[in-house]
Amino acid sequence: MNGHFNSDDKVYSQYQLAEMYTINPATAAKGLSLLVDENILYKKRGLGMFVTADAKEIIMNKRKNYTFKRLVQEIVLEAKRLQISEAELIEMIKSAQSEEGE
């Protein structure tokens, strides 16, 4: 998402990831396999793993549909508990957006 890897860039091997994050190489391999299963990475036999052309879009959609949606649901539920009106909540969001833009 932050541009460290572009389409068709080679990613770290399971052994590099294991060393970087002090994890078992099998755990790193499992993580890479999950990314292959989700079409974020693809394998080139004997060469390693590479980023797919659609990786960024796949990740963005997944984050929007799961992570962000869940956060919004939690905010709405908490707003109801605190008796914050929809208008107040929208104003808070607008205020946060304008502060971020500064």
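The values are calculated or read from the model by the stated rules, or taken from the named source; none is laboratory data. Predicted model, so just to flag it, every value in this text is computed and none were measured. Here the Cβ positions follow ideal geometry from the backbone for every residue, glycine too, while neighbour counts run over all protein chains shown. Protein only, heavy atoms only, side chains kept; ligands, DNA and RNA dropped before computing areas. Shrake-Rupley method; radii C 1.70, N 1.55, O 1.52, S 1.80 Å.
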**Message:** When you scan the range 44-62, do you find a residue that is more than 19 Å from the chain's Cα centre (by Cα), surrounded by 12 or more Cβ atoms within 10 Å (Cβ to Cβ) and either of a type in the set (Val, Ile, Thr) or in a helix (DSSP H, G or I) (or both), even just one?
**Reply:** no
**Prompt:** When you scan the range 1-20, how many residues do you find that are of a type outside the set (Asp, Glu), over 18 Å from the mean Cα position of the chain (by Cα) and either closer than 24 Å to ALA53 by Cβ or loosely packed, with under 13 Cβ neighbours inside 10 Å (or both)?
**Reply:** 6
**Prompt:** Which pairs do you get when a residue that is more than 15 Å from ASP9 (Cα to Cα), found in the range 29-53, comes within reach of a residue that is of a type in the set (Lys, Arg), reach meaning Cβ atoms under 8 angstrom, with the pair 6+ apart or on two chains?
**Reply:** GLU38/LYS62
**Request:** Identify the single condition in (1) within 30 Å of TYR12 (Cα to Cα); (2) within 24 Å of the chain's Cα centre (by Cα) that LEU71 does not satisfy, given that it satisfies every other one.
**Result:** (1)
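Mind listing whichever residues of the range 25-43 are open to solvent by 90 Å² or more (accessible area, probe 1.4 Å) and part of a loop (DSSP other than H, G, I, E, B)? Explain how you work it out, then say what you get.
Within the range 25-43, the subset open to solvent by 90 Å² or more (accessible area, probe 1.4 Å) is 30, 37, 39, 43.
Within the range 25-43, just ASN39 meets the criteria.
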